[in-house]
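S.K.: Sharing a structure with you now.
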Amino acid sequence: MKDIFFGVIGGLGLFIFGMKYLSDGLQKVAGTKLRRTLRSLTQNRFRGVALGTIVTCIIQSSSVTTVMLVGLVNAGIVSLMQAASVVIGANIGTTITAQIIAFKISHYSLPAIGIGVAMMLIPKKRKTQFWGQVVLSFGMIFLGLSTMSDVMKPLRDMPAVLDFFVRLSDNPFLCVVLGTCFTMLIQSSSAAIGMVLAMASVGLIDFTAAIYLVLGDNIGTTITAWLASIGGTISARRMAAFHSFFNIIGVIYFSVLVYTGLYPKFIDYITPGAITTDTISRHIANAHSCFNILNAFVFLVIMGPVVALVRKIIPGKDIYVSTDFKYLQDKLLATPEIAIDSAKKELTLMAAAVRKTIQTAVDGFFAGDKRSIAHVQTQENAINHLQHDITFYLSKLATQQLTPELGAQLPPLLHSINDLERMSDHAVNVSELTEKKYAESITFSNKALAEMRTLYGRIEDMFEETLRALEYNDHIAVDRVMHYEGEVNLLQKQYLAQHTQRLCEGKCAPASALIFVDFINNLEKIADHLTNVAQAARREFAFEKITA
């Protein structure tokens with residue numbers, strides 16, 4: 001029992017660490033093509049179900065599919081509604097395992113770890129190293145799952161355990177509960193169903209009891225998503241909750257159908273041959289498949305209300321930031337004038353997203369809200385993707401036949417995109433200060449807080465005028481940005497000098513002084529980048545004024 005306990009603890013640790021490492025790796029390698037493929041396949045719920053079914057059939061593990069989904073939801077790449085349809089498909093895809101009971105992906109955990117480490121250490125390309133991190137993470141997840149499963153195997157060979165199953169065959173409720181608990185323990189619905197097939201094939205349990213156990217196995221397998229969401233975002237926990245709802249609700253009304261005898265008769269009708277010890281395995285496998293397929297049709301209809309219910313049960317804000325273009329389209333490249341104008345509009349939206357990211361970081365800092373850190377990181381990831389996508393679009397535009405006037409507008413646009421991305425980096429810096437402030441319980445004097453809020457107020461003023469300049473071609477707004485930037489520089493020097501005096505007089509602690517300085521300096525850097533964007537806008541507006 002000590003070996004079993006230590007094995008479960010160690011396997012669980014490997015699994016959780018692998019999941020967190022996987023989430024980080026997916027954020028780094030989820031480039032344009034992967035994200036667009038996921039969005040295109042999951043925007044429609046039927047395509048999402050098809051995607052989940054196909055992926056799970058290929059890898060033969062719904063656990064791996066849900067783990068990957070949790071990672072994508074955690075990274076803010078896939079929304080809760082998109083993930084829900086894929087989860088439904090994953091439940092369908094996993095039934096193929098019961099049909100063939102052969103392939104076990106955990107066998108490849110050690111090779112995956114070795115390959116992943118090699119990819120991270122040998123190549124010089126960063127993208128290859130990021131993919132190595134993903135492969136290594138999957139290997140750790142598989143190793144964690146297989147470790148927990150392996151240490152539990154002796155339980156399946158104990159006569160007392162098997163006798164316990166047999167005695168409960170005539171109690172439907174306890175059969176479901178037992179199937180649920182056992183699958184949670186061994187971390188493999190395939191292994192649990194395999195044992196059900198083995199007991200049924202030797203006549204230890206009848207067909208009806210086997211169905212109840214399989215229904216419980218479907219509930220038990222949802223524990224994987226919950227484990228993967230530990231330490232994750234609200235969206236990740238909501239996805240795990242939806243997975244549980246899918247199976248629990250299905251098991252409730254299917255248990256009624258089994259109890260009345262309708263479902264066993266239906267399975268017997270569609271499965272060739274009478275139910276004997278030689279054919280019962282096929283009947284059980286078909287019962288497992290039909291449960292998930294029929295339940296999927298039901299949830300395709302009620303998916304919206306169930307997702308809404310999950311959001312109410314687990315309150316909070318979804319961490320999902322759309323990186324879809326609103327204005328940029330490849331077909332506009334043939335008309336460079338329109339494409340340039342569309343790029344300016346997309347740049348304005350990106351600036352608004354950066355402003356929101358900074359607001360989230362600063363509000364979280366003042367409120368001491370540690371949860372804001374995850375939000376800021378997700379928003380910053382989305383802005384990185386926007387920077388890459390818009391830059392790639394403008395590079396394609398540069399290959400078109402451009403007039404000298406149009407070509408001259410590309411450099412300031414590209415510089416503005418980079419400045420906006422750098423501002424989001426400073427927002428992450430502020431969120432890191434929040435984490436330090438929270439961890440060390442650091443407080444500030446009312447004077448220091450007032451100074452930080454005043455400086456941030458100037459940043460908000462600069463954002464307001466910068467967005468006005470970008471959206472309305474308002475060159476007067478550019479002048480206001482330059483004026484505010486001068487004020488920020490003066491306030492920075494004044495506040496740093498005053499805080500140094502407070503530190504010398506012993507009115508504040510050294511730890512708070514360091515955070516104060518970093519906070520003020522990050523805001524000043526944001527003001528510098530806003531000034532760059534405004535100056536780029538002024539050059540574009542000057543050109544438009546000449547040609548008008």
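No lab work stands behind these numbers, since they all come straight from the coordinates. None of these values were measured; they are calculated from a predicted model. So basically every Cβ, Gly included, is an ideal-geometry build from the backbone, and we count neighbours across all protein chains shown.
S.K.: What does a probe at K447 reach in region 454-497, counting residues whose amide N is under 15 Å from the point 7 Å along Cα→Cβ?
M.R.: 494-497
S.K.: Could you please rank S424, S201, placing first whichever residue has the fewest other Cβ atoms within 10 Å of its Cβ?
M.R.: On the way: S424 28, S201 17.
Sorted ascending by nearby Cβ count, the order is S201, S424.
S.K.: Right, next: What list do you get for M423, M140, M452 if you sort them by fewest beta carbons within 10 Å?
M.R.: So the ranking, lowest neighbour count to highest, is M452, M140, M423.
S.K.: Given a Förster radius of 41 Å and the C-beta distance between K125 and I338 as r, what FRET efficiency does 1/(1 + (r/R0)^6) yield to the nearest 0.05?
M.R.: Details: r = 36 Å, r/R0 = 0.88.
Once the sixth-power term is evaluated, E becomes 0.70.
S.K.: If I stretch the segment between M482 and F6 completely, what's the gain in nm (0.36 nm per residue apart, minus their alpha carbon distance), one decimal? Spell out each step's value before the answer.
M.R.: Values: separation 476, 0.36 × 476 = 171.36 nm, distance 6.29 nm.
The M482-F6 span can extend by a further 165.1 nm.
S.K.: Quick one: length gained pulling F46 to D330 fully straight, 0.36 nm per residue minus the C-alpha distance? Working shown, then result.
M.R.: On the way: separation 284, 0.36 × 284 = 102.24 nm, distance 2.68 nm.
In short, 99.6 nm is gained.
S.K.: How far, in nm, would the chain grow between A408 and I270 when pulled straight, counting 0.36 nm per residue and subtracting the alpha carbon separation?
M.R.: Numbers: separation 138, 0.36 × 138 = 49.68 nm, distance 6.98 nm.
Length difference between fully extended and current span is 42.7 nm.
S.K.: Compute the separation of the alpha-carbon centres of region 223-257 and region 425-482 and state it in Å as a whole number.
M.R.: First find each Cα centre; the distance between them is then 40 Å.
S.K.: Oh, and also: Spin-label point model (7 Å from Cα, Cβ direction): what's the D363 to I248 distance in nm?
M.R.: According to this spin-label approximation, the distance is 3.1 nm.
S.K.: Just to be sure I understand the model, the point goes 7 Å from the Cα along the line to the Cβ. What's the resulting T260 to F17 distance in nm?
M.R.: 5.2
S.K.: A follow-up question, please. Determine the alpha carbon to alpha carbon distance for each of K344/K396; K447/K507; K356/K493; K127/K326 and list only those over 20 Å. Present the calculation step by step, with values, prior to reporting the outcome.
M.R.: Values: K344/K396 16 Å; K447/K507 11 Å; K356/K493 26 Å; K127/K326 28 Å.
From K344/K396; K447/K507; K356/K493; K127/K326, over 20 Å: K356/K493; K127/K326.
S.K.: Can you sort D170, D217, D474, D3 by how many other beta carbons sit within 10 Å, fewest first?
M.R.: On the way: D170 12, D217 29, D474 16, D3 9.
Ordered by Cβ neighbours within 10 Å, fewest first: D3, D170, D474, D217.
S.K.: Separation between the V306 and Y438 pseudo-spin-labels, each 7 Å from Cα along Cα→Cβ, expressed in nm?
M.R.: 3.2
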